[in-house]
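All remarks here apply to the structure that follows.
The values are calculated or read from the model by the stated rules, or taken from the named source; none is laboratory data. What you see is a predicted model; the values in this text were computed from it and never measured. All Cβ positions, even for glycine, are placed from backbone atoms using ideal geometry, and neighbour counts span all protein chains on display. Heads up: the accessible areas ignore ligands, DNA and RNA and are worked out on the full protein's heavy atoms, side chains in. Shrake-Rupley method; radii C 1.70, N 1.55, O 1.52, S 1.80 Å.
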Amino acid sequence: MIRKELVAASAEPLILSLLANGESYGYAIIQEIKARSEGKLHWTDGMLYPVLHRLEDRKLIKSRWGESETGRKRKYYSLKEHGKIAMNRHHDEWTLVHSVLANLKKEQYV
Amino acid sequence: MFDIEQSFSEWRKQMLAAGIKTPVPLVEIEIHLREGVEKEMQAGADAEKAFEKAARRIGLAGEISTEFDKNTNRNTFMHKRYLIANAVLWAAAILASAVIHAPVVFSIIILPTLAFTALVIIRPKSNDSDCQKMTPSA
């Protein structure tokens with residue numbers, strides 16, 4: 001299981017990256033993250049919504065109300081242009097951290 | 001006999017008591033809960049167990065509410081900062097117009113009217129205005 005500080009820090013880049021693949025809704029976002037991390041990234045379902053609303057307030061994502069196949073109301077989220085820019089910035093930052101960490105680890109084996 | 005709608009009603013009360021606003025975002029979180037219960041029941045759990053598991057995954061009302069409060073505080077701070085910056089700029093413009101002896105009608109009427117319009121009349125619109133008409137469906 002990943003530590004909660006890292007889970008919190010990775011929430012924004014993960015949501016933005018996931019929405020870059022197309023619009024989605026809360027329940028599906030949680031399931032997708034769980035599946036992609038093989039259950040190691042554990043989000044409390046309810047905590048997703050403050051993050052989604054914050055991203056929407058910052059105009060990085062937008063939402064619309066729609067319906068599921070069974071007719072249940074659903075709020076769908078999608079990425080906005082500013083969101084793509086923010087996502088790319090996150091990717092650059094996380095890539096840099098990963099590269100520094102990987103190099104340091106490599107040096108330990110030399 | 002377990003009454004699932006009664007459980008949803010009690011869950012809603014807990015969320016409201018913790019300060020989660022209705023209809024948004026409470027409606028949205030309840031839809032999520034209902035979807036979770038449905039999936040659990042499809043996987044073979046009885047209604048009571050399904051509700052218990054899905055509600056546990058949603059998390060504690062107090063913690064969710066605290067996270068929403070952080071958003072509100074951030075928005076309030078940003079809004080105040082925007083108002084202060086605007087007020088300072090307009091005050092500087094009015095002062096400058098007086099210093100350079102601009103026409104009185106400009107310094108006394110036009111600039112203050114523009115400042116009032118910018119600071120008081122024009123306000124940011126809520127993103128959730130459309131959503132507030134929505135109600136959850138079972």
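Tabulated data for the structure shown
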read-out	value
Subset of the range B:4-15 (residues that are surrounded by fewer than 20 Cβ atoms within 10 Å (Cβ to Cβ) and either within 14 Å of chain A (Cβ to nearest Cβ) or under 12 Å from A:Tyr27 (Cβ atoms) (or both))	B:Phe8, B:Trp11, B:Arg12, B:Gln14
Top-ranked residue of the range A:3-22 - restricted to ones that are out of contact with any helix residue (DSSP H, G or I) (no Cβ under 8 Å at 6 or more places or on another chain) and loosely packed, with under 15 Cβ neighbours inside 10 Å, ranked as modelled with the lowest pLDDT	A:Lys4
Residue selected from the range A:62-74 under the condition of a type outside the set (Asp, Glu) and either at positive phi or more than 9 Å from chain B (Cβ to nearest Cβ) (or both), by the criterion least open to solvent (accessible area, probe 1.4 Å)	A:Gly66
Odd one out for A:Glu56, checked against (1) farther than 23 Å from A:Arg3 by Cα; (2) more than 12 Å from the chain's Cα centre (by Cα); (3) open to solvent by 20 Å² or more (accessible area, probe 1.4 Å)	(3)
Subset of the range B:39-56 [open to solvent by 60 Å² or more (accessible area, probe 1.4 Å) and either in a helix (DSSP H, G or I) or of a type in the set (Val, Ile, Thr) (or both)]	B:Lys39, B:Met41, B:Gln42, B:Glu48, B:Lys49, B:Glu52, B:Lys53, B:Arg56
Members of the range B:73-85 found to be of a type in the set (S, T, N, Q) and either closer than 25 Å to A:Ala28 by Cβ or exposed (fewer than 14 other Cβ atoms within 10 Å of the Cβ) (or both), listed by number	B:Asn73, B:Thr76
Per-region count, the range B:91-138, residues closer than 23 Å to B:Thr76 by Cβ, within 12 Å of another protein chain (Cβ to nearest Cβ) and either open to solvent by less than 80 Å² (accessible area, probe 1.4 Å) or at pLDDT 80 or above (or both)	5
Only listed residue being closer than 26 Å to B:Val24 by Cβ, within 14 Å of chain B (Cβ to nearest Cβ), in contact with a strand residue (DSSP E or B) (Cβ under 9 Å, 6 or more places away or on another chain) and open to solvent by less than 20 Å² (accessible area, probe 1.4 Å), chosen from A:Tyr25, A:Tyr77	A:Tyr77
Odd one out for B:Glu35, checked against (1) under 18 Å from A:Ile30 (Cα atoms); (2) more than 13 Å from chain A (Cβ to nearest Cβ)	(2)
Where a residue in the range B:37-63 is closer than 16 Å to B:Arg12 by Cα and its partner, wherever it lies, is open to solvent by 60 Å² or more (accessible area, probe 1.4 Å) and not in a loop (DSSP other than H, G, I, E, B), with Cβ under 6 Å and at least six apart	B:Ala61/B:Gln14
Checklist (1) crowded, with 20+ Cβ neighbours inside 10 Å; (2) in contact with an Asp or Glu (Cβ under 9 Å, 6 or more places away or on another chain) applied to A:Ile33, failing item	(2)
Selection within the range A:95-110 - in a helix (DSSP H, G or I) and open to solvent by 100 Å² or more (accessible area, probe 1.4 Å)	A:Leu96, A:His98, A:Leu101, A:Lys105, A:Lys106, A:Glu107, A:Gln108
